[in-house]
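Here's the structure we're looking at; comments come further down.
The values are calculated or read from the model by the stated rules, or taken from the named source; none is laboratory data. Just so we're clear, the structure is a prediction, and the values are computed from it rather than from any experiment. Virtual Cβ from ideal backbone geometry, glycine too; neighbours counted across all protein chains shown. Quick note on the areas: whole protein, heavy atoms, side chains included, nothing else; ligands and nucleic acids left out. Shrake-Rupley method; radii C 1.70, N 1.55, O 1.52, S 1.80 Å.
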Amino acid sequence: QVQVVESGGGLVQPGGSLRLSCAASESIFTIYSMAWYRQAPGKQRELVARITRGGSTNYADSVKGRFTISRDNAKNTVYLQMNSLKPEDTAVYYCNVNRFGNDSWGQGTQVTVSS
């Protein structure tokens, strides 16, 4: 099981920015994909952004143009840069690691967008 540790959540005003980090305990080169999901109160968990081992990315329509997923191979870490944040981005954000067909999840980090 891959250990996954997230950081970087917090409270930010609408229009502001945050960067989330997700560190994996295994080499990123053995991981098929790393992704960020989020879950708002009363809603289902949804995919926000994913990056594969080959570098391909995909985003939820609601965050395209505002969020960017990237990775640092040397640190086995994936980042989610979130700009132009909106109140509807408020949620617990979870990092997902898919390795050899198995999913591992972090504990989640709260992002609150409010004035």
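Taking the stated definitions as given, is T57 modelled with pLDDT of 95 or more, within 25 Å of S27 (Cα to Cα) and either open to solvent by less than 80 Å² (accessible area, probe 1.4 Å) or touching a Lys or Arg at 6+ places or on another chain (Cβ under 9 Å) (or both)? Even if it seems obvious, please write down each step before you answer.
On the way: modelled with pLDDT of 95 or more: yes; within 25 Å of S27 (Cα to Cα): yes; either open to solvent by less than 80 Å² (accessible area, probe 1.4 Å) or touching a Lys or Arg at 6+ places or on another chain (Cβ under 9 Å) (or both): yes.
Yes, satisfied.
For S33, indicate whether it is at pLDDT below 95 and in contact with a strand residue (DSSP E or B) (Cβ under 7 Å, 6 or more places away or on another chain).
Numbers: at pLDDT below 95: yes; in contact with a strand residue (DSSP E or B) (Cβ under 7 Å, 6 or more places away or on another chain): yes.
The answer is yes for S33.
Before we move on, is V113 touching a Pro at 6+ places or on another chain (Cβ under 6 Å) and either touching a residue at least 12 places away in the same chain (Cβ under 8 Å) or more than 21 Å from V4 (Cα to Cα) (or both)? Lay out the reasoning, then the answer.
Values: touching a Pro at 6+ places or on another chain (Cβ under 6 Å): yes; either touching a residue at least 12 places away in the same chain (Cβ under 8 Å) or more than 21 Å from V4 (Cα to Cα) (or both): yes.
For V113, the condition - touching a Pro at 6+ places or on another chain (Cβ under 6 Å) and either touching a residue at least 12 places away in the same chain (Cβ under 8 Å) or more than 21 Å from V4 (Cα to Cα) (or both) - is met.
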Exception for E26 within (1) open to solvent by 70 Å² or more (accessible area, probe 1.4 Å); (2) touching a residue at least 40 places away in the same chain (Cβ under 8 Å); (3) in contact with a strand residue (DSSP E or B) (Cβ under 9 Å, 6 or more places away or on another chain) falls at (1)
Restricting the range 60-115 to residues that are among the charged types (D, E, K, R) and at pLDDT below 95, the one most open to solvent (accessible area, probe 1.4 Å) turns out to be K75
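Out of the residues in the range 29-54 that are among the small types (G, A, S) and without any contact (Cβ under 8 Å) to a residue 60 or more places away in the chain, state the one that is surrounded by the fewest Cβ atoms within 10 Å (Cβ to Cβ). Give the derivation first.
Restricting attention to the range 29-54, the residues satisfying the condition of being among the small types (G, A, S) are 33, 35, 40, 42, 49, 54.
Those still in the list that are without any contact (Cβ under 8 Å) to a residue 60 or more places away in the chain too: 40, 42, 49, 54.
Details: A40: 14, G42: 5, A49: 23, G54: 7.
Across the range 29-54, the extreme among qualifying residues is G42.
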Review point. Can R66 be described as among the basic types (K, R) and within 11 Å of the chain's Cα centre (by Cα)?
Key: no
The strands (runs of 3 or more DSSP E) lying wholly within the range 1-100 that contain at least 1 residues that are within 26 Å of S115 (Cβ to Cβ) and of a type in the set (D, E) are 4-7, 46-52
